[in-house]
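The values are calculated or read from the model by the stated rules, or taken from the named source; none is laboratory data. None of these values were measured; they are calculated from a predicted model. Every residue, glycine among them, receives a Cβ derived from its backbone with ideal geometry; neighbour counts consider all protein chains shown. Ligands, DNA and RNA are excluded from the accessible area calculation, which covers all protein heavy atoms including side chains. Shrake-Rupley method; radii C 1.70, N 1.55, O 1.52, S 1.80 Å.
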Amino acid sequence: MAIASNLPIDTHAHIVPPSLVEEARKSGANLGVTVEDTDQGPALQFDGLTHLRPVGGLAKLEPRLEWMEQQGLGLQILASWLDIQGYTLGVDEAASWARLFNDHLAEIVKARMDKFRGLATVPIQDGMKAALELEYAVTQLGFLGAMLATDPVEQDLSKESFEPFWAAAEQLDVPVVLHPPSHGFGANIEPGYLTFSLGRTLDTTITSAKLVLGGLLDRHPNLKLVLVHGGGFLPYQAARIDSGYLSGQGRPMELKREKPSDYLPLMYYDTVAVSSPVVRLMKDIAGCDHVLLGSDYVFAGPKRQLIENVENAGFSEEEVSLICCKNARKLFLKEL
């Protein structure tokens, strides 16, 4: 189903399909997933993971649709809540859980193709299984790509065994969105009140830097990586990473380009929780055609207009249109 071509597209939003919660209630224990009923509603719990909060508004569609209407959005691209991606489960259990999530999300998207599209969850414990799940989600369910948690718990996206996934994403020509988890190394930031605001952006910063310095974009030059929250600190401390690389102290391998910051324009960045001056800086770093509108719904869905920080950045009408709509249509929907 076609969507209005001139309406903004929210490329960064999270969801827990209500039907998935009920599925977990009935059969999740076999995979290491249980449902705890609380005064605030159901909470999914995973073997090996700290206690999770209730899913709350993540599993409610009507408030989401009302918010989208208020914001004037034409489409929202839905991805998993990172906490429930199953990254502490065994390999086979994680693969089964990812399939369940993707199938249940596909039902929501199918019912409202005028409003939603989906990003896959994959089992990051195993690169080959992750590749197979991505292929299934894209070719069978019509998903637009995948969202990965950046180095959650003891997982590492830069590990060599994850290479089949990157190869599959490049071959399928779908974007991979890198998003910080609640249980990465940033979760240990002290004092605790800085964990959400800064800790999680540190996860994205370090993981994306590792991938660049590890030669990922040399091996897969057509891979499309999207960094949420403006790329964390990466775009703004890139010269420091360059300095380490050029001195040899921060050079794990030889890159094909002169320095790490040369790879920044190859990636995409969303506008979640960044100011208008930072949006301008993102344009300077990667160009207007690599900046994407995002909300982080339900966690950071602003009461103000979502496109405000773009409209106030001093861009031309065409540049605003690129960031709010056209870039997403080209990158995710493959519309030129």
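Roughly to the nearest percent, how much of the accessible area of the stretch 114-215 is carbon and sulfur, given a 1.4 Å probe?
Numbers: 2010 of 3680 Å².
Percent of accessible area from carbon and sulfur atoms in the stretch 114-215: 55.
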Rounded to the nearest percent, how much of the accessible area of the stretch 261-336 (1.4 Å probe, protein heavy atoms only) is carbon and sulfur? 52 percent
Between residue 254 and residue 113, the FRET efficiency computed from the C-beta separation at R0 = 41 Å comes out, to the nearest 0.05, as 0.35
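Take the alpha carbon gyration tensor of the stretch 129-274, find the square roots of its eigenvalues, order them as a ≥ b ≥ c, and report rounded if a/c is under 1.5; if not, report prolate when a/b exceeds b/c, else oblate.
oblate
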Please list 3J(HN,Hα) in residue order for the stretch 199-209, calculated via the Karplus relation 6.51 cos²θ - 1.76 cosθ + 1.60 where θ = phi - 60°; whole Hz, with x for glycine and proline. x, 6, 5, 5, 4, 4, 4, 5, 5, 5, 5
Ellipticity estimate at 222 nm from DSSP helix runs (n ≥ 4, -39,500 (n - 2.57)) divided over the chain, nearest 500: -10000 deg cm²/dmol
So with the 1.4 Å probe, I'd like the accessible area per residue for the chain, rounded to whole Å². 42 Å²
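Equivalent-ellipsoid semi-axes (√(5λ), Cα gyration tensor) for the stretch 1-70, whole Å, largest first? Show your work: numbers first, answer last.
On the way: eigenvalues 179, 35, 25 Å².
Largest first, the stretch 1-70 gives 30, 13, 11 Å.
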Subtract the Cα-Cα distance of residue 195 and residue 70 from 0.36 nm times their separation in residues, and report this length gain in nm to one decimal. 42.0 nm
Counting other Cβ atoms within 10 Å, which GluC sites (Glu not before Pro) in the stretch 267-336 have at most 16 and lie in a DSSP loop? 335
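How do 135, 254 rank by accessible surface area computed with a 1.4 Å probe, from largest to smallest? Please report the intermediate quantities before stating the final value.
Details: 135 90, 254 120 Å².
Largest to smallest exposure gives the sequence 254, 135.
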By what distance, in whole Å, do the Cα atoms of the stretch 182-259 stretch along each of the three principal axes, largest value first? 40, 28, 19
Using a 1.4 Å probe on the protein heavy atoms, what percent of the accessible area of the stretch 48-111 belongs to carbon and sulfur? 51 percent
The chain: radius of gyration and largest Cα-Cα distance (Dmax), Å: 19.0, 56
